[in-house]
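Engineer: Quick one: the structure is below, questions incoming.
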Amino acid sequence: MADPAHHLTRQEARQVVLRASLLEAHRPTDLLTVVEQLTALPVEPSAAIAPSYDLVPWSRLGSSYEPVDLVELLEQREVYDDGDGIRPMADLRLHLAEMASYPPWEGTRDWLDANELFRNEVLDLLDADGPLASRQVHATAQVPFRSSGWNTDRNVRMMLSVLLGRGEVAINGRDGSHRTYDLAERVYPAGVEPVPLADAREIKDERRLRGLGIARAKGTVLPGEPIHVGEAGEAAVVEGTRGEWRVDPDQLALPFEGRTALLSPFDPVVRDRKRMEELFEFEYVLEMYKPAAKRRWCYFALPILHGDRLVGKLDATADRKAGRLFVDAVHEDVSFTRATTTAVDAEITALAGWLGLTLQR
């Protein structure tokens, strides 16, 4: 490996991440700027406190953000939900070429080919009655889908997912907590020219690195937005970590002023758990899938950012029927100073206010 262009301390690397992720003291002022900078909002809907597609903007914008703001951007076609993330509509052109070759799995392609009548039936229903939630789409597969996973025999959901990936179907709002589906031509603007696949992948890597600040060239494949950036940016090494990183050079050697924030477990800062552990030296596991007796923190613990460190986890639950935000614990990974405690308490109070709930400790 050639000598990398940049040598960073862990603190410098953390500050690059937080600047790129819009978690400095100077907050952004509008939602579209947040979505454009982060590339995509997570679509994970767990609402133990609030869905991640709302928590991530709130962590940046604060009380000025309201969930209706995101609904309006979707309705105005400024952003779109592709099932993997909520993205700027301007980025659709970067995804069209990949959509044209979807799905990448031979078994799924064979299943789609064997279900041409089923596919047309779904499209005809959406044409006539869309947008529809998946439970409202009544169509029959000629060949049932088989897998070892969650989608076995869930034929309508699987067909909608495949057609969404192919760009034939698009998400056009929600019916309660469920997405509604429609023909893509009713959601996506007409006449968008796809960027050629190789060029699109390069641009997407560059866009992704701009929102991450520093990342690995290759990484674990996670559901949703990728966490790796290919050869985007410039080579870097970070003290105390192994191997080469890719860094956005525009984020280097800039002033940094941190603040306190409560983060979604799917926030871009912590979603790549390996990067989080290496740069922030922070231990975190999402425990919503664990039996209650085996949880160390809670069902949906929020990582706590203070300055340029992740310092603890918030164990809280929003009980909307009771009108309360119940705070059961604040887990301190490092002993909080009085100033840290004050700042974290203020952020918890702000969270309750944003949710319209009374804080209950």
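Engineer: Looking at region 109-123 only, could you name the residues that are in a helix (DSSP H, G or I) and either open to solvent by 70 Å² or more (accessible area, probe 1.4 Å) or closer than 13 Å to Leu160 by Cβ (or both)?
Structural biologist: Arg109, Asp110, Leu112, Asp113, Glu116, Leu117, Phe118, Arg119, Glu121, Val122, Leu123
Engineer: Separate question: Only one of Ala343, Ala293, Ala329 is over 24 Å from the mean Cα position of the chain (by Cα) and part of a strand (DSSP E or B). Can you tell me which?
Structural biologist: It is Ala329.
Engineer: Shifting gears a bit: Take the conditions free of Cβ contacts under 8 Å to residues at least 60 places away in the same chain, of a type in the set (Val, Ile, Thr), out of contact with any helix residue (DSSP H, G or I) (no Cβ under 7 Å at 6 or more places or on another chain) and outside any helix (DSSP H, G or I) and apply them to Val334. Does it pass?
Structural biologist: Yes: the conditions hold for Val334.
Engineer: If you don't mind, there's one more thing I want to ask. Filter region 214-242 down to residues that are open to solvent by 60 Å² or more (accessible area, probe 1.4 Å) and either among the aliphatic types (A, V, I, L, M) or in contact with a Gly (Cβ under 9 Å, 6 or more places away or on another chain) (or both), then give me how many there are.
Structural biologist: Here the count works out to 2.
Engineer: Could you please let me know if Val143 is at pLDDT below 95, part of a loop (DSSP other than H, G, I, E, B), open to solvent by 30 Å² or more (accessible area, probe 1.4 Å) and closer than 21 Å to Arg271 by Cα?
Structural biologist: Spelling it out, it is not the case that Val143 is at pLDDT below 95, part of a loop (DSSP other than H, G, I, E, B), open to solvent by 30 Å² or more (accessible area, probe 1.4 Å) and closer than 21 Å to Arg271 by Cα.
Engineer: Checking Gly83 against (1) among the small types (Gly, Ala, Ser); (2) buried (at least 16 other Cβ atoms within 10 Å of the Cβ); (3) in a helix (DSSP H, G or I); (4) at pLDDT below 95, only one condition comes out false. Which one?
Structural biologist: Single failed check for Gly83: (3).
Engineer: Scan region 58-80 residue by residue and report those that are outside any helix (DSSP H, G or I), among the acidic types (Asp, Glu) and farther than 15 Å from Glu36 by Cα.
Structural biologist: Listed by number, the list holds a single entry, Glu66.
Engineer: Another question, then. Out of all the residues in region 296-311, which are part of a strand (DSSP E or B) and touching a residue at least 60 places away in the same chain (Cβ under 8 Å)?
Structural biologist: Within region 296-311, Leu302, Leu305, Arg309 meet the criteria.
Engineer: Taking Val344 as the residue in question, decide whether it is open to solvent by less than 10 Å² (accessible area, probe 1.4 Å), among the β-branched types (Val, Ile, Thr) and over 18 Å from Ser52 (Cα atoms).
Structural biologist: Spelling it out, Val344 is indeed open to solvent by less than 10 Å² (accessible area, probe 1.4 Å), among the β-branched types (Val, Ile, Thr) and over 18 Å from Ser52 (Cα atoms).
Engineer: Checking the structure you have, find out if any residue of region 98-110 is closer than 20 Å to Pro189 by Cβ and within 20 Å of the chain's Cα centre (by Cα).
Structural biologist: Checking region 98-110: at least one residue is closer than 20 Å to Pro189 by Cβ and within 20 Å of the chain's Cα centre (by Cα).
Engineer: Take the residues in region 243-257 that are under 25 Å from the mean Cα position of the chain (by Cα) and open to solvent by 40 Å² or more (accessible area, probe 1.4 Å); name whichever of them is farthest from Glu24 (Cα to Cα).
Structural biologist: Applying the filter and picking the extreme gives Glu244.
Engineer: Give me a count of the residues in region 175-187 that are crowded, with 17+ Cβ neighbours inside 10 Å and in contact (Cβ under 8 Å) with a residue 24 or more places away in the chain.
Structural biologist: The total comes to 6.
Engineer: Tally the residues that are assigned to a helix (DSSP H, G or I) and either in contact (Cβ under 8 Å) with a residue 24 or more places away in the chain or of a type in the set (S, T, N, Q) (or both), restricting the search to region 91-106.
Structural biologist: 9
Engineer: Could I ask something else about it? For the structure I just gave you, tell me whether Leu55 is open to solvent by 10 Å² or more (accessible area, probe 1.4 Å), within 28 Å of Ala352 (Cβ to Cβ) and in a helix (DSSP H, G or I).
Structural biologist: So Leu55 does not fit the description; no.
The values are calculated or read from the model by the stated rules, or taken from the named source; none is laboratory data. Just so we're clear, the structure is a prediction, and the values are computed from it rather than from any experiment. Don't worry about glycine lacking a Cβ; one is built from the backbone with ideal geometry, like all the others, and counts go over all protein chains shown. Note: areas computed on protein heavy atoms with side chains; ligands, DNA, RNA excluded. Shrake-Rupley method; radii C 1.70, N 1.55, O 1.52, S 1.80 Å.
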